[in-house]
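The values are calculated or read from the model by the stated rules, or taken from the named source; none is laboratory data. Every value quoted in this text rests on a predicted model; they were computed, and no experiment measured them. Here the Cβ positions follow ideal geometry from the backbone for every residue, glycine too, while neighbour counts run over all protein chains shown. SASA here: full protein model, heavy atoms, side chains in, ligands and nucleic acids out. Shrake-Rupley method; radii C 1.70, N 1.55, O 1.52, S 1.80 Å.
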Amino acid sequence: MSEQKKRINYTVACVNEFARKHDISAKEAFQYLFMFKGIAFLKENYEAEHTLSFDTVLEDLRILCRRNGGTI
């Protein structure tokens, strides 16, 4: 599997887990994460974040998005 495909799959998994944890749709989760810079964070920090548990990554995303104006 190519590196790009791994990164895409990881991002999709993170969005789906975020949606599940916060009881929202995957579309709503993606829009929220995109708006509050969570997707960019995952893209920029893939090397470190993909080695962590989903719980840790979801907490990182929650903190980052709140700092950028999110309310979840």
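What the table shows:
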item: On Cα atoms only, tilt of 26-35 relative to the major axis of the chain in degrees; result: 80 degrees
item: For Thr56, solvent-accessible area (1.4 Å; no DNA, RNA or ligand), Å²; result: 60 Å²
item: The chain - percent of accessible surface contributed by carbon and sulfur, probe 1.4 Å; result: 54 percent
item: Among [x] 16.7; [y] 12.0; [z] 11.7, the entry that matches Kirkwood radius over Cα pairs in Å as calculated here; result: [y]
item: Nearest-ten-degree value, helix 3-22 long axis tilted from longest Cα axis of the chain; result: 30 degrees
item: Sites His50 and His22, calculated FRET efficiency, Cβ-Cβ separation with R0 22 Å, nearest 0.05; result: 0.60
item: Distance (nanometres) between label positions extended 7 Å along Cα→Cβ at Arg67 and Tyr10; result: 1.9 nm
item: Tilt relative to the chain, helix 54-67 - C-alpha long axis, 0 to 90 degrees, to 10; result: 50 degrees
item: Value of [θ]222 nm, deg cm²/dmol, for the chain, DSSP H segments ≥ 4, -39500 (n - 2.57) each, nearest 500; result: -23000 deg cm²/dmol
item: Probe 1.4 Å, accessible area per residue of the chain, Å²; result: 66 Å²
